Amino acid sequence: MNENRIEIPKLQGHCCFACGTANPIGLNLQFYRSNESICTDITLSNYHEGWQNMAHGGIISTLLDEVMSWTIIYFKRIFFVTRRMEIKYVRPVLIGVPLTVEGHLTGEKRDPFIGALAEIFDGERQLLAKATGEFVKLAEDKMALVPEGLREDMVSLFNKFQKGGGENTR
């Protein structure tokens, strides 16, 4: 799924477990746009396992939630939180296997809600897990919960995204 691959910049120095560059035990996910999807590629190690040789379900849910979140960050350029997520574990997610996680926006929901879905595939494009999520845009009166420096960093990041990333085409 690398056709029309556009690398997506991310914040530096933050400690998010999934995408943070300053978290020594985090996943440090890198994202890219491929057509109308936001994707990340990762090979999980034994540090991410639940049962031997299989990824822990919490790590799988983190991957799905994070790619849905970056899909919203890129296409909507807003501040939001995850409201709910439903996951279906289809096949075992094995450690040591290259994975691609893909996110898409779903049909429009009534403001302030946003819908997204994510899927995890192995190198043979077998579906391993999928999720749907509902996210809620932060209301102006809740923006004070986001530290000012982070707000400024995120707005700067939004402005770095390539033109064409702001529309919902799916």
Taking only protein heavy atoms and a 1.4 Å probe, the highest-to-lowest accessible-area order of Glu86, Glu49 is Glu86, Glu49
Multiply the residue gap between Phe158 and Ser45 by 0.36 nm, knock off their C-alpha separation, and tell me the result in nm, one decimal place. 37.5 nm
Evaluate Rg over Rh across the chain, taking Cα atoms for both radii and Kirkwood's formula for Rh. 0.95
Once you've got the Cα coordinates, tell me which of Lys10/Lys88; Lys76/Lys109; Lys10/Lys130; Lys109/Lys160; Lys10/Lys160 are over 21 Å apart. Lys10/Lys88; Lys10/Lys130; Lys109/Lys160
With the full set of protein chains in place, find how many percent of the accessible area of the range 1-139 is carbon and sulfur; take the probe as 1.4 Å. 52 percent
Given a cut-off of 22 Å, what percent of all Cα-Cα pairs of the range 8-86 lie beyond it? 25 percent
Would you work out the relative contact order for the range 21-170, in percent, from Cα pairs under 8 angstrom that are 6 or more residues apart? 25 percent
For the pair Glu148 and Asn53, the simple spin-label estimate (label points 7 Å beyond Cα toward Cβ) gives in nm 5.5 nm
Taking the inverse of the average 1/r across all pairs of different Cα atoms in the range 45-93, what Kirkwood radius in Å do you get? 12.3 Å
In Å², rounded to a whole number, the accessible area per residue of the range 105-149 with probe 1.4 Å is 58 Å²
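The values are calculated or read from the model by the stated rules, or taken from the named source; none is laboratory data. None of the values given here were measured: they were computed from a predicted structure. Every residue, glycine among them, receives a Cβ derived from its backbone with ideal geometry; neighbour counts consider all protein chains shown. SASA here: full protein model, heavy atoms, side chains in, ligands and nucleic acids out. Shrake-Rupley method; radii C 1.70, N 1.55, O 1.52, S 1.80 Å.
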